[in-house]
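The values are calculated or read from the model by the stated rules, or taken from the named source; none is laboratory data. Predicted, not measured: the structure shown is a model, and the values here were computed from it. A quick note on method: Cβ atoms are made from the backbone with ideal geometry, for glycine too, and the neighbour counts reach across all protein chains shown. We work out accessible area using only protein heavy atoms, side chains counted, and drop any ligands, DNA or RNA first. Shrake-Rupley method; radii C 1.70, N 1.55, O 1.52, S 1.80 Å.
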Amino acid sequence: MTPPRRRAPLVGLLVGHTVSLTGNMLTLIALPLYVLAETGSPAATGLTGAVVTVPVVLGGALGGVLVDRIGYRRASVLADVVSGLTVAAVPLLDATIGLPFWALLGLVFASGLLDTPGQTARNALLPEAATAAGVPLERAVGWYEASERGARLIGAPVAGLLVATLGALPVLALDAATFAVSALVVAVLVPRSLRPATPADPAGGGYWREFAAGVRFLAREPLLRAVVLLVLVTNFFDATKSNVLLPVVAARELGGPTAFGLLVGAMGGGALVGSLVFSAVGHRLPRRATFVTAFAVVGAPPFWALAAAPPLPWIVAVFVGSGFAAGAINPLIGAVELERVPAHLRARVFGVIGAGCWAGIPLGALTAGVAADRFGTTPTLLTVGCCYLLVVLTPLLGGPWRTLDRPGAPAHPAQTPTPAA
């Protein structure tokens with residue numbers, strides 16, 4: 001007899017993820033604009049972007065083992081609670097004893113340290129939630145990524161308007177509230193019984209031994225290594241745009257916070273539609289061709305559009321098209337990861353993958369701040385756009401990327417991929 005479908009766990013993961021990331025978008029918009037307004041320096045804005053992303057790398061790399069140990073549901077709830085408290089401390093201190101710049105960076109660092117493990121925990125629960133709901137894995141991953149894109153669509157424009165009317169610090173207080181809502185949704189809708197059927201760690205061992213097991217697994221997977229390297233480099237380029245160049249251009253040439261939020265929201269809106277389209281037809285598309293085409297559209301056009309400085313509606317149109325292409329990338333990568341990584345290693349391997357992918361972001365933010373100060377924003381935008389395009393064409397050279405075109409290739413014996421619809 002077919003077991004009854006339970007959609008509540010999948011709905012809880014999607015809603016909790018959407019709410020949490022919507023709050024993150026509030027901070028993404030509010031923080032660089034606050035620093036730029038206080039200091040007037042792109043370099044200081046780049047430093048802030050680096051401090052924001054370093055804990056994401058550390059938390060992803062080192063937090064995966066803890067997530068595997070304490071359980072995915074509990075880790076998701078705990079991460080949201082702690083992150084919410086640290087973000088709430090920013091406006092609270094500002095309203096009481098004052099908030100020096102170094103204290104702001106310290107609190108943002110502490111908040112980001114647990115944010116990535118929380119997202120990793122929700123991602124690791126997707127196969128079980130999809131199975132309970134009777135949904136193909138690739139479709140569930142597409143919905144999951146669509147929830148992130150929806151968070152950008154909603155959070156970014158709203159954040160731009162709120163920062164313009166209320167200021168940056170009240171927006172950070174609202175971010176703290178979204179963490180609390182996300183923790184509550186996951187705690188209520190995701191049951192404790194939702195967990196991988198495999199044991200937590202068949203080999204056992206201490207923290208570093210378990211961490212090393214995740215690193216070794218990634219090191220032995222040529223395709224996953226290639227994905228991490230490519231995304232590391234492209235995230236370096238993306239960080240130059242999102243953390244420094246875009247807020248600087250928006251503040252100086254496009255009208256300020258509202259334009260910044262509109263452009264980020266346009267990218268998120270296009271990506272939301274792209275993720276939903278991919279969730280419906282992605283299992284029928286050739287993976288490598290889709291991957292390269294999407295990355296090529298995502299990468300260079302936004303940089304070149306900002307450098308050309310056409311009227312704002314034209315830039316918005318470019319960002320929407322770029323976002324639509326971006327909607328296919330993360331679901332495709334996520335499906336490949338979930339197919340290849342065994343259940344008992346998910347959190348630590350996903351954490352290492354995430355840390356590797358994010359490792360270039362702090363350096364990208366710092367580099368963009370220095371380059372914009374020294375060479376100007378337009379030459380920097382043109383150069384980064386050209387480099388981006390060259391890098392994302394490398395999967396066409398073959399090597400491990402050939403296995404991306406083989407969705408029927410044997411997965412790791414510890415996990416059988418969910419068949420496509």
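Side notes on the structure shown:
- Spin-label model distance (nm) - residue 374 vs residue 253, 7 Å beyond Cα toward Cβ: 2.1
- Residue 394 versus residue 7: modelled label distance in nm, points set 7 Å from Cα along the beta carbon direction: 4.3
- Solvent-accessible area per residue for the range 244-324 (1.4 angstrom probe, square angstrom): 36
- Take the range 87-138 with all the other protein chains still there, run a 1.4 Å probe, and you get 36 Å² of accessible area per residue.
- Chain lengthening between residue 215 and residue 161 when straightened (0.36 nm per residue, less Cα-Cα): 15.2 nm
- Solvent-accessible area of residue 190 with every protein chain in place, 1.4 Å probe, in Å² to the nearest 10: 0
- When the range 287-387 is described by a simple charge dipole with +1 on each Lys and Arg Cβ and -1 on each Asp and Glu Cβ, the residue from 380, 323, 303 located farthest towards its positive end is 323.
- Ranked order, 192, 216 - accessible area, probe 1.4 Å, largest first: 192, 216
- Residue 344 - accessible surface, heavy atoms, 1.4 Å probe, Å² rounded to 10: 40
- Signed unit charges on C-beta, dipole axis of the range 274-367, positive-most listed residue 341, 313, 367: 341
- Per-pair calculated FRET efficiency, R0 = 51 Å: residue 96 and residue 386 via Cβ, rounded to 0.05: 0.55
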